[in-house]
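Let me begin by presenting the structure, written as structure tokens, before commenting on it.
The values are calculated or read from the model by the stated rules, or taken from the named source; none is laboratory data. All figures in this text were calculated on a predicted structure; none of them were measured in a lab. Cβ sites come from the backbone with ideal geometry, for glycine too, and all protein chains shown count toward neighbours. Areas reflect the complete protein model, heavy atoms only, side chains present, ligands, DNA and RNA absent. Shrake-Rupley method; radii C 1.70, N 1.55, O 1.52, S 1.80 Å.
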Amino acid sequence: MTPLVLLPGMMCDARLFQPQIAALSGSRPLMTFPLSAQDSVQAMAAEVLSNAPPVFALAGLSMGGIVAMEVVRQAPERVERLALLDTNPLAEKTQVKARRGPLMAAVKAGQLRQVMRDEMKPNYLADGPDRGAILDLCMAMAMNLGADVFLRQSRALMDRPDQSETLKAYTGPALVLCGREDGLCPVERHRLMHELLPNSSLEIIEEAGHLPTLEKPDDTTAALIRWLEAI
């Protein structure tokens, strides 16, 4: 059974995939990487490759998806299949880079909790009965990781490469998935990835925002199982 490597988003850890880990752990080996020690996407991907099995299935959400694309760029022969969730294949826009500077300065000044509360968390989720609990979990993950990780991950995202050519060249079974109400990585961006990937399916999760693994865990897990079982 091919191992599955899961890459979480910015300021998230394995808890981002907790429902999927619970559902899939009995059927295949699972690994997660926190992406917390490096300050470039290239170095994050190299670290994943140095610790991952020789051949594996790879799923990443948000920043995890960005790193997953770089893993494929560096070693496509090791990635049997690829799932990109609520992510972005393009380099960061100038105006987004400009907004990161003040956020990084605030975090350096000891305001990580405020930045997560006011600038990032409101953009994450669709309205739903579990929104409060999921936001609390997001805050817990961020505070556990801490300010230094925020700064390293911010630098990595600012300088990330465009991966359009990487996706065009990847021929393994691919899943492109997003929440219908994702305001950070909209549906249109996922349609683009679906068009770039020659062997991909597109799944849009209704009533979910940027974190469908937690907002709609059953629907997301079902889509991942279909992808893992695709021939």
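What does the charge count around residue 28 come to, taking other residues whose C-beta lies under 13 Å from its C-beta (Lys +1, Arg +1, Asp -1, Glu -1)?
Numbers: positive: 81; negative: 80, 229.
For residues surrounding residue 28, the net value is -1.
Looking at region 66-150, I'd like the Rg to Rh ratio, where Rg is from alpha-carbon atoms and Rh is Kirkwood's inverse mean 1/r. Mind dumping the intermediate values first?
On the way: Rg = 15.8 Å, Rh = 15.3 Å.
For region 66-150, the value is 1.03.
Just want to confirm a number: the relative contact order over region 108-231, from Cα pairs under 8 angstrom separated by 6+ residues, in percent.
On the way: 145 pairs, mean separation 35.6, N = 124.
The value is 29 percent.
Counting only helical runs of four or more DSSP H residues, what would the 222 nm mean residue ellipticity of the chain come to if each run contributes -39,500 (n - 2.57) and the total is spread over all its residues? Walk me through the numbers on the way to the answer.
Values: 11 runs with 109 residues, N = 231.
Calculated at 222 nm, the ellipticity per residue is -14000 deg cm²/dmol.
Quick one: accessible surface of residue 219, probe radius 1.4 Å, all protein chains present, in square angstrom to the nearest 10.
80 Å²
Taking only protein heavy atoms into account and a 1.4 Å probe, give the accessible area per residue of region 1-119 in Å². All intermediate terms of the calculation are to be shown ahead of the outcome.
Details: 4770 Å² over 119 residues.
I get 40 Å² per residue for this part.
Evaluate Rg over Rh across the chain, taking Cα atoms for both radii and Kirkwood's formula for Rh.
Details: Rg = 16.2 Å, Rh = 17.4 Å.
Taking Rh as the inverse mean 1/r over Cα pairs, Rg/Rh reads 0.93.
Compute, for the chain, the length of the dipole vector about the Cα centre, with Cβ point charges of +1 (Lys, Arg) and -1 (Asp, Glu) only. Units Debye, rounded to 20.
On the way: 23 positive and 28 negative charges, 113 e Å.
Dipole of the chain, to the nearest 20 debye: 540 debye.
Residues with amide H under 5 Å of residue 203's amide H, sequence separation 5 or more or different chain, H placed in the peptide plane at 1.01 Å from N; which?
Amide H to amide H, under 5 Å and 5 or more residues apart or across chains, residue 203 pairs with 176, 177, 178.
Out of the total accessible area of the chain (probe 1.4 Å, heavy atoms of protein only), what percent is carbon and sulfur?
Details: 4930 of 9800 Å².
Ligands and nucleic acids excluded, carbon and sulfur give 50 percent.
Place a +1 charge on the Cβ of each Lys and Arg in region 171-231 and a -1 charge on the Cβ of each Asp and Glu, then give the dipole magnitude about the Cα centre in debye, rounded to the nearest 20.
Values: 5 positive and 11 negative charges, 47 e Å.
So the magnitude is around 220 debye.
Tell me, what is the percent relative contact order of region 143-215, built from C-alpha pairs under 8 Å that lie six or more residues apart? Please report the intermediate quantities before stating the final value.
Working: 86 pairs, mean separation 23.6, N = 73.
Here the relative contact order equals 32 percent.
If packing is taken as the average count of other Cβ atoms within 10 Å, what order do 96-104, 134-142 fall into, highest mean first? Mind showing how you got there, number by number?
Details: 96-104: 13.3, 134-142: 17.9.
Ranked from most to least packed, the peptides come out as 134-142, 96-104.
Relative contact order for the chain using alpha-carbon pairs under 8 Å, separation at least 6, rounded to a whole percent? Could the numbers behind the result be given before it?
Working: 449 pairs, mean separation 56.6, N = 231.
Rounded, it is 25 percent for the chain.
Rounded if a/c is under 1.5, else prolate if a/b beats b/c, else oblate: with a ≥ b ≥ c from the C-alpha gyration tensor eigenvalues square-rooted, which is region 116-231?
Details: a/c = 2.06, a/b = 1.31, b/c = 1.57.
Here region 116-231 falls in the oblate category.
Let me know the volume per residue of the alpha-carbon convex hull for region 5-53, in Å³. Walk me through the numbers before you get to the answer.
Details: hull volume 3.1 nm³, N = 49.
Per residue, the Cα convex hull of region 5-53 comes to 63 Å³.
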